Structures are given as structure tokens and as C-alpha cells.
1. Out of residues 5 or more away from Cys277 or on other chains, whose amide H comes under 5 Å of its own, with H placed 1.01 Å from N in the peptide plane?
2. Take the solvent-accessible surface of the protein heavy atoms, probe 1.4 Å, and return the percent of it on segment 251-401 that carbon and sulfur atoms account for.
3. If you compute P(r) over Cα pairs in 20 Å bins from 0, in percent for the structure shown, which of (1) 23, 57, 19, 1; (2) 17, 37, 27, 16, 3; (3) 23, 60, 17, 0 do you land on?
4. Order of 236-244, 178-186, 205-213 by packing, highest average Cβ count within 10 Å first?
5. Return the sequence-ordered ³J(HN,Hα) values of segment 133-142 in whole Hz as given by the Karplus equation 6.51 cos²θ - 1.76 cosθ + 1.60 applied to θ = phi - 60°, using x for Gly and Pro.
6. Cross-link list Lys206/Lys244; Lys95/Lys199; Lys227/Lys473: which exceed 32 angstrom alpha carbon to alpha carbon?
7. Considering every pair of different Cα atoms, what Kirkwood radius, in Å, is found for segment 251-401?
8. Using θ = phi - 60° and the Karplus form 6.51 cos²θ - 1.76 cosθ + 1.60, what ³J(HN,Hα) does each residue of segment 376-386 get, whole Hz, x for Gly and Pro?
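The values are calculated or read from the model by the stated rules, or taken from the named source; none is laboratory data. As the structure is a prediction and not an experimental result, all values here were calculated from the model. No Cβ is skipped: glycine too gets one built from the backbone with ideal geometry, and neighbour counts run over all protein chains shown. What goes into the accessible areas is simple: the full protein's heavy atoms, side chains included, and nothing from ligands, DNA or RNA. Shrake-Rupley method; radii C 1.70, N 1.55, O 1.52, S 1.80 Å.
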Amino acid sequence: QIQFADDMQEFTKFPTKTGRRSLSRSISQSSTDSYSSAASYTDSSDDEVSPREKQQTNSKGSSNFCVKNIKQAEFGRREIEIAEQDMSALISLRKRAQGEKPLAGAKIVGCTHITAQTAVLIETLCALGAQCRWSACNIYSTQNEVAAALAEAGVAVFAWKGESEDDFWWCIDRCVNMDGWQANMILDDGGDLTHWVYKKYPNVFKKIRGIVEESVTGVHRLYQLSKAGKLCVPAMNVNDSVTKQKFDNLYCCRESILDGLKRTTDVMFGGKQVVVCGYGEVGKGCCAALKALGAIVYITEIDPICALQACMDGFRVVKLNEVIRQVDVVITCTGNKNVVTREHLDRMKNSCIVCNMGHSNTEIDVTSLRTPELTWERVRSQVDHVIWPDGKRVVLLAEGRLLNLSCSTVPTFVLSITATTQALALIELYNAPEGRYKQDVYLLPKKMDEYVASLHLPSFDAHLTELTDDQAKYLGLNKNGPFKPNYYRY
């Protein structure tokens with residue numbers, strides 16, 4: 001059963017101190033997942049006046065946006081231009097399709113991480129003919145200067161770094177609820193936008209032509225709706241496309257896990273004992289990086305296939321209770337809830353580092369630490385020491401939210417792959433003839449997955465071998481692909 005908040009009081013029921021964001025945990029599984037870029041010039045504490053209380057206009061006189069400071073647009077434009085240099089595939093798609101305008105007439109409402117890289121995606125969608133209104137999919141996700149640059153360029157963006165939970169839902173509502181403008185496409189990351197429209201604007205939801213979702217959490221919600229017979233529009237599951245799974249999940253996390261941990265803790269990994277909860281694509285990437293630096297890595301798993309893979313890769317598969325007293329670092333990447341409980345936290349050694357690499361902020365039971373006997377000490381941005389009465393302290397990163405872009409950055413090239421996949425999925429759903437997609441959740445067609453990969457090969461000066469007619473006939477393939485059946489596991 002999917003639960004929704006019926007009114008905004010649900011999100012403000014805990015009192016807050018002046019100038020501080022509420023410590024209450026969101027009912028949403030993804031609204032408070034942290035995904036902010038450490039590269040941002042601006043911090044949420046720069047100005048205590050809420051953007052909602054400001055009257056701002058861009059150089060064209062438009063006020064159809066809400067960002068931290070529109071004057072930061074020039075800095076944001078530089079960030080976007082830098083990102084474009086490593087997103088050549090998306091720029092190539094923009095140039096190839098710009099004349100055709102395949103998204104002409106599309107009115108896309110989006111809720112993703114607003115960074116320089118996603119700004120390149122948003123501007124590509126606009127170049128292909130779409131009208132876009134955008135909000136951030138979690139409260140720490142936004143680079144303020146990038147949001148300002150988008151607003152200056154005419155995109156209706158409602159987002160700033162350090163939103164309260166009330167602000168988060170207000171921004172989503174402003175994107176959806178506008179007189180004379182009705183969305184016909186949704187691009188979502190985490191499912192909050194989709195479910196807000198489903199709950200609050202059912203008539204709009206019924207007229208949506210397609211939904212594109214890129215996260216495990218959001219896809220799970222879509223399958224719940226579909227199973228309950230409540231999904232009345234076709235949806236594209238981008239998360240399980242090969243290009244998203246392998247590159248955004250595995251290769252991206254292999255690099256960004258170390259970046260996030262190093263920036264926040266300055267920890268040396270050689271000889272450290274680390275337990276990684278979950279050995280899916282994210283877990284595999286994290287473990288490969290940690291092992292390469294000399295860490296002793298343990299794995300927890302519920303799936304015997306993933307567990308066997310971990311064993312064959314040289315890792316010891318254990319139950320968390322078996323190693324919790326001795327490990328130096330605990331990393332969650334399961335997509336589940338209450339993977340690390342208060343009981344586990346109580347048993348951890350002094351100075352144990354605890355962090356999450358999964359999309360959802362439910363994996364570590366942070367709420368159980370909001371008790372009078374424990375002291376919270378903020379030592380760095382996104383780094384808290386939680387101190388027990390006996391003096392033991394646990395180092396909690398990003399309050400249990402997504403580590404890599406809460407505390408560092410991810411490679412632009414990887415985000416180019418994901419963004420290109422999202423753009424193609426939107427084009428496919430918007431232009432599909434009636435009847436091709438029913439009211440269900442679909443995987444990205446294999447041909448599109450291969451096309452996304454092919455767009456990125458020139459960056460490596462890679463040259464594909466072409467099948468001869470005889471070879472293609474022997475294998476029963478089209479010379480131009482797809483080259484693998486849908487059931488193939490890469």
C-alpha cells in the first residue's frame with residue numbers, strides 16, 4: 001500500500017529552531033535523499049531569507065521561477081559550459097535532433113537533481129522543442145548558481161539548496177500547478193513528483209502521455225501502482241536499462257564512494273575493515289574501489305546469487321551482527337529500510353563511519369538517534385558526530401542520505417550516459433503511435449540502449465567491428481543491432 005501525506009502538516013509537525021532545517025524525517029522515501037554537489041559555490045546558509053519570500057526577475061523581466069539568487073546566473077552558466085565539455089553525446093543528440101524538434105508540443109514537468117550536468121539535459125530538452133518546469137528531487141540536490149542560470153535562460157525552475165520539507169513540496173506543486181499550462185510528460189527521480197501529481201492532480205495525471213523514472217525507489221513505486229491497477233499512463237523504467245545500471249550504478253559508484261569518504265573524513269583505507277550492505281551494481285562498484293585501496297571488505301546479502309558473486313570476487317559474506325563490533329566503516333546500498341538499526345549503532349566501535357550509497361534515506365535508522373541521551377555535534381558540512389553517554393562517537397555522513405553527491409561529486413561523463421538515456425526515453429514515449437505502449441511499466445528498448453552506448457564511444461576513440469552479411473546471417477542478427485536479446489545479462 002502506497003502512503004501519501006494528505007496535508008502539509010505532516011511535514012511540519014516537529015518544531016524547528018530559527019535558521020535551522022527541521023530534523024524530522026520525511027514520509028517520502030526520496031524527498032530528503034541528499035544529492036548536492038560539493039562543487040557548488042553557494043551554501044544554503046548564505047542567506048537566511050527564504051527564496052519564497054523574495055521578489056526576483058531575470059534579465060527578460062520574467063519572475064516565473066524561485067531560486068536562491070538570480071544574480072548567480074553567470075557563475076552557473078560557466079558550470080554548465082564546463083559540464084557540456086564532457087557530455088559530448090548529449091550535445092551530439094541535441095545537434096542531430098534539433099532541426100526535427102521531436103519534443104515540439106511536449107510540456108515536461110521534471111523533478112531531478114539540479115546540477116550543471118542535469119542542466120545540460122534540461123536545456124537539451126528545450127532545444128528539442130519541449131517546454132520545461134523543474135524542481136529538485138531532494139532537499140540538498142541543487143547547485144544554486146546552476147538553478148539561477150536555468151532561470152535566467154527562461155526555464156521555470158523552483159529549487160534551492162537546503163530546502164525545508166515544506167519548501168520541497170511547495171516547489172513541486174508550483175511546477176505542476178500553473179494556470180494555462182498543463183504537463184503532458186513527467187521526468188522523475190525517486191517518484192515524489194509522480195505521486196504528487198497522482199494524488200493531488202488526478203485529472204492531470206490521466207492526461208500524461210508518459211513517465212520516465214530513473215531510480216530504484218521510483219521504479220518500485222511505479223510497479224506498485226501498476227500492480228494495483230492505478231497506473232493509467234505508460235512509464236519507462238530507465239533505472240534498469242543497461243547503460244544506467246552498469247555506468248551510473250557500478251562505474252560511477254566505484255569512483256565516487258572514495259571521493260565522498262575522503263572529502264568528509266580524510267580516512268585512510270589501507271587495512272580498514274569495511275562492511276558493505278548489498279552487492280548489487282552499486283555495492284559491486286563500492287567494493288571494487290575499497291578493495292583496490294587495501295581495505296578488508298565484508299558483504300551482507302539476502303540474494304544467494306549476489307552472495308555467490310561476492311564470494312567469487314574474494315569477499316567474505318557475513319551477517320551484519322557478526323562484524324558490527326569490529327568494522328571501521330559501514331556502507332549501505334540495498335534500497336531497503338532499517339538495514340542499520342539502533343541496535344547495530346549501539347554496538348559499533350568508537351569513531352565508526354556510517355554512510356549510505358542507496359537512493360533512499362531509509363537504510364540507516366537515523367530517527368532512532370534523535371533521542372535526549374545522544375548528543376549531535378556538527379563537525380563539517382554533512383558530517384555529524386553522534387555521541388553516546390559513555391563518550392563513544394559514531395561518524396554519520398549526510399544524515400544517512402545519498403553520500404556521493406551530498407559530500408562530493410560524480411563524474412560528468414557518467415551523468416551524460418544517464419541523461420542521454422532519459423532524453424531518448426522521453427522522445428520515444430512522446431512520439432510513440434497510439435497502442436505501442438499500454439498503461440504499464442516498460443524497459444528501454446535494447447536498440448536505444450545500444451545507441452546511447454554508441455554515442456559515447458567516440459570519446460575513447462573506440463572503433464566497433466562490423467559484422468559481415470554472412471556472419472550476421474549465421475548469428476541470426478541484424479547487422480545494425482540489437483546485438484543481444486532482452487534476457488541477456490551483461
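1. So Cys277 has HN proximity to Thr300, Ile331, Thr332, Cys333.
2. The nonpolar share, carbon plus sulfur, comes to 52 percent.
3. (1)
4. By packing density, highest mean first, the sequence is 236-244, 205-213, 178-186.
5. Those phi angles translate into 10, 9, 9, 8, 7, 7, 6, 10, 7, 8 Hz.
6. In this structure, Lys95/Lys199; Lys227/Lys473 exceed 32 Å between Cα atoms.
7. 15.3 Å
8. 9, 10, 7, 9, 8, 4, 6, 10, 10, 9, 9
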